[in-house]
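Notes follow the structure.
The values are calculated or read from the model by the stated rules, or taken from the named source; none is laboratory data. Note that this is a predicted model, so its numbers are computed, not measured. Glycine also receives a Cβ, built like all others from the backbone with ideal geometry; neighbour counts cover every protein chain displayed. Note: accessible area is taken over every heavy atom of the protein model, side chains too, but ligands, DNA and RNA are not part of it. Shrake-Rupley method; radii C 1.70, N 1.55, O 1.52, S 1.80 Å.
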Amino acid sequence: MTLDKRGCGKICIVGGGNVGTVLAGFVASRGYRVSVFTDRPDEWGVMVEVTDPDGKCFDGKLDCVSADPSVALSGVDMVLICLPGPVIRDKLIAMKPWLGVDTLVGSVFSCTGFFIMAINVLGTGARLFGLQRVPFISRLCRYGHSARLLGYRNLIKVAFSGVEDAEAVSGILADMFATPVSVLSHPLEVTLTNSNPILHPARLYSMFKDCKAPMKEVPAFYSDWTDESSEFLIACDNEFQQAVRRLGIDSSHIPALLDYYESVDAPSLTRKIRSIEAFRGIPAPMKKVEGGYMPDYDNRYFTEDFPYGMMLIKMVCSRLDIDTPTIDMILGWFQEQTGKRYIEDGRIVDTPDSRAVACLDAASIDYLISSIKH
């Protein structure tokens, strides 16, 4: 592999949102050659300016920005996908003809089924990697030109599939992100997470399950967190943790939420979530209607975290014969609100809705489960 920052390798960032923009500017400023694959290339500049919380500015000069995969991926050694789950598979299909045999393909959003979709599209021999969490907390300022890096992580955890030189690649990632990187033992350790895929649905169910008429005000998603929300979240996590134990995943890699938030019960978890400064000011996903506000079912909290988050967890649990009554209840409510049909009587059903969710590929999930070495 020739990828390094001495000009003999190239990285393609796929997606021009918050994370993609920060990574494009930051990684380019570190001396790497960077291209961007985006549907809106005309809105990008040659330079991307990234500012961190201390006011430090990182100016990154891009090699090219294009909506044509043959251009954006020309000569690249690494592809880093910064896209929401629902669009990853289509982008993988578009990129496939232009990927070299040794090209590394990774994602910063692994918990929406990246490994499952990549194995399905690119095959089990593809060189894949996925991060457990995004490397930076990021916000756009001016699309294609500037963004804010709101927070660094102390450690970035990554998993690999089909990569024999994992330690070398993790060293490159650590240099790219200027952050230590730890290698996990299996892709399921980044595919499965009790973060957004259960945290958001549990909270949304608690807030909106009795919402029949417009609400006068938009509640804060985290700052107005309730004990009922915590109770649903803990119940979902208990079901999720059965899969973690059944798969033999080290609990330190995916700790129970009560441990992660240093809490002992629902009230203490509520206090903890309400106190997190980074969560302040985030509103519930709602839209203005006559008479007030109603849930916005077109918001990413619904379109991604249910079908590509909680449903993925449900699918894995179903392959392991694990019952998930609380998760089923929340998914059932989501189906009622959106007119979708994924489960029936606690079982995943074969419908146009379930077939449309690319990460619910049983064969790829079974391949990942069977590849765990106990």
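Inside region 156-196, residues that are of a type outside the set (S, T, N, Q) and touching an Asp or Glu at 6+ places or on another chain (Cβ under 6 Å) make up a count of 1. Under the condition of being within 18 Å of residue 186 (Cα to Cα) and surrounded by fewer than 12 Cβ atoms within 10 Å (Cβ to Cβ), the residues counted in region 353-365 number 1. Is it the case that residue 62 is closer than 18 Å to residue 138 by Cβ, at pLDDT 95 or above and open to solvent by less than 30 Å² (accessible area, probe 1.4 Å)? The answer is yes for residue 62. Counting only residues that are open to solvent by 40 Å² or more (accessible area, probe 1.4 Å) and either of a type outside the set (Ser, Thr, Tyr) or in contact with a Phe, Trp or Tyr (Cβ under 9 Å, 6 or more places away or on another chain) (or both), region 315-352 holds 17 of them. Taking the criterion of being open to solvent by 40 Å² or more (accessible area, probe 1.4 Å) and among the charged types (D, E, K, R), would at least one residue in region 118-138 satisfy it? The answer is yes; a qualifying residue exists. Answer with yes or no whether residue 229 is assigned to a helix (DSSP H, G or I) and either open to solvent by less than 10 Å² (accessible area, probe 1.4 Å) or not charged (D, E, K, R) (or both). Yes. Open to solvent by less than 20 Å² (accessible area, probe 1.4 Å) and touching a Lys or Arg at 6+ places or on another chain (Cβ under 7 Å), is that true of residue 92? Against the criterion (open to solvent by less than 20 Å² (accessible area, probe 1.4 Å) and touching a Lys or Arg at 6+ places or on another chain (Cβ under 7 Å)), residue 92 does not qualify.
Put simply, of 46, 36 the only residue that is more than 30 Å from residue 197 (Cα to Cα) and among the aliphatic types (A, V, I, L, M) is 46.
Quick check on region 140-171: of everything there that is polar (S, T, N, Q) and surrounded by 18 or more Cβ atoms within 10 Å (Cβ to Cβ), which residue is farthest from residue 120 (Cα to Cα)?
If we filter region 140-171 for residues that are polar (S, T, N, Q), which is where we start, we get 146, 154, 161, 170.
Going one step further and asking which of them are surrounded by 18 or more Cβ atoms within 10 Å (Cβ to Cβ), we end up with 146, 161, 170.
On the way: 146: 35, 161: 13, 170: 24 Å.
So, considering only residues that are polar (S, T, N, Q) and surrounded by 18 or more Cβ atoms within 10 Å (Cβ to Cβ), the one farthest from residue 120 (Cα to Cα) is 146.
Filtering region 184-210 to residues that are surrounded by fewer than 16 Cβ atoms within 10 Å (Cβ to Cβ) and modelled with pLDDT of 95 or more leaves 209, 210. Only one of (1) of a type outside the set (D, E, K, R); (2) at pLDDT below 95; (3) open to solvent by less than 40 Å² (accessible area, probe 1.4 Å); (4) over 13 Å from residue 144 (Cβ atoms) fails for residue 16. Which number is that? Tallying (1) of a type outside the set (D, E, K, R); (2) at pLDDT below 95; (3) open to solvent by less than 40 Å² (accessible area, probe 1.4 Å); (4) over 13 Å from residue 144 (Cβ atoms), residue 16 fails exactly one: (4). Can residue 219 be described as open to solvent by 10 Å² or more (accessible area, probe 1.4 Å) and farther than 16 Å from residue 27 by Cβ? Against the criterion (open to solvent by 10 Å² or more (accessible area, probe 1.4 Å) and farther than 16 Å from residue 27 by Cβ), residue 219 qualifies. Say we look at region 249-274 and pick out the residues that are at pLDDT below 95 and among the small types (Gly, Ala, Ser); which of these is surrounded by the fewest Cβ atoms within 10 Å (Cβ to Cβ)? Only one residue fits best here, namely 252.
Scan region 275-285 for residues that are open to solvent by 30 Å² or more (accessible area, probe 1.4 Å) and touching a residue at least 24 places away in the same chain (Cβ under 8 Å) and the total you get is 7.
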